[in-house]
Amino acid sequence: MNVRIAKFIADTGAASRREAEQMISDGRVSVNGVIVQTPVCFINPEADVVTVDGNVIKPRASSHLYAFHKPLNTMTTVRDPAGRKTVYDCLAPEYRGLKYVGRLDYKTTGLLLLTDDGELARKLTLPSSHIPRTYIATVNGGDFSHLDMARRGITVDGIKYRPMQIDIIDANNLRVVVTEGKKNEVRIVLRACHAPVRHLRRISFGPISLGNLAPGQIRQVPQKTIDEMLKSL
């Protein structure tokens, strides 16, 4: 199947779509030895030879995506300067080369996605993707009279946060759905709504759910689910 050349380059992980288009404009991309003049160029990944700066760009093998249950008190980073435990310390050696998709903070547990495809990770975390992430927030106190501020969308310390879907589970627990992915947004917004978070757990990312995955465990996401997520973007 023929694809646009910029998409092909982006799918290999060699550059983002925008960077690939700039490479083409700069005359750095060739197909079968001929410099490409325009991003509106289609290639057959199985038959055509694409080079960037003279280096052959090969199609990427199928992407792999994994659901990981991030334990409490772990950093979503490869290495922590403060010496704190990271999610990679919890993974078997064969998974330590994976990239994380977004972050969960030190005290937040639950579903963290990992992948071997940097471009896939980028697509899934773009603010424009609007992929819903669902959290269970255990909060202090039962005063939920200000939650409508978060449901309408709120500005905290000059930062705008999109409207959140918030359902009351019981006197101390809320189900919160966000579509943006700003740093610490659930904690910040609920604190501004007089419902400070005591514990936060992510239970789903788009169609992928945490299910009964135990802390520290990992499982592969089916390719069909990955394809469905990408089609929705």
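The values are calculated or read from the model by the stated rules, or taken from the named source; none is laboratory data. A quick note: this is a predicted structure, and the numbers were derived from the prediction, not measured. Cβ coordinates were reconstructed from backbone atoms using ideal geometry, including for glycine residues, and neighbour counts include every protein chain displayed. Each accessible area value is taken on the protein alone, full model and side chains, heavy atoms only, with ligands, DNA and RNA left out. Shrake-Rupley method; radii C 1.70, N 1.55, O 1.52, S 1.80 Å.
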Residue in the stretch 199-221 that is without any contact (Cβ under 8 Å) to a residue 24 or more places away in the chain, within 16 Å of the chain's Cα centre (by Cα) and either farther than 17 Å from residue 114 by Cα or part of a loop (DSSP other than H, G, I, E, B) (or both) present: yes
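So which residues in the stretch 189-203 are open to solvent by 40 Å² or more (accessible area, probe 1.4 Å) and either among the aliphatic types (A, V, I, L, M) or farther than 24 Å from residue 159 by Cβ (or both)?
203
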Single condition residue 231 does not satisfy, out of (1) over 20 Å from residue 149 (Cα atoms); (2) among the basic types (Lys, Arg); (3) open to solvent by less than 50 Å² (accessible area, probe 1.4 Å): (3)
Number of the condition not met by residue 177 [criteria: (1) in contact with an Asp or Glu (Cβ under 9 Å, 6 or more places away or on another chain); (2) without any contact (Cβ under 8 Å) to a residue 60 or more places away in the chain; (3) within 30 Å of residue 6 (Cα to Cα)]: (3)
Every pair of residues 6+ apart whose Cβ atoms lie under 7 Å, when the first sits in the stretch 116-140 and is closer than 21 Å to residue 10 by Cα while the second is of a type in the set (Phe, Trp, Tyr) and open to solvent by less than 10 Å² (accessible area, probe 1.4 Å): 131/205
Hey, residue 66 closer than 26 Å to residue 228 by Cα, among the aromatic types (Phe, Trp, Tyr), open to solvent by less than 80 Å² (accessible area, probe 1.4 Å) and not in a helix (DSSP H, G or I) or not: yes
Exclusive hit being more than 19 Å from residue 200 (Cα to Cα), modelled with pLDDT of 95 or more and of a type outside the set (Phe, Trp, Tyr), set 114, 126, 104: 114
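Criterion first (farther than 18 Å from residue 218 by Cα, of a type in the set (Lys, Arg), open to solvent by 70 Å² or more (accessible area, probe 1.4 Å) and under 13 Å from the mean Cα position of the chain (by Cα)) does residue 79 satisfy it?
no
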Cβ-Cβ under 8 Å pairs, at least 6 apart or on other chains, the stretch 87-104 side of a type in the set (Asp, Glu), far side crowded, with 16+ Cβ neighbours inside 10 Å: 89/74
Pick from the stretch 204-226, criterion of a type in the set (Val, Ile, Thr) and either over 17 Å from residue 87 (Cβ atoms) or modelled with pLDDT under 95 (or both), ranking: most open to solvent (accessible area, probe 1.4 Å): 225
The stretch 134-159, residues that are under 21 Å from residue 204 (Cα atoms) and either touching a helix residue (DSSP H, G or I) at 6+ places or on another chain (Cβ under 9 Å) or among the charged types (D, E, K, R) (or both): 135, 137, 139, 150, 151
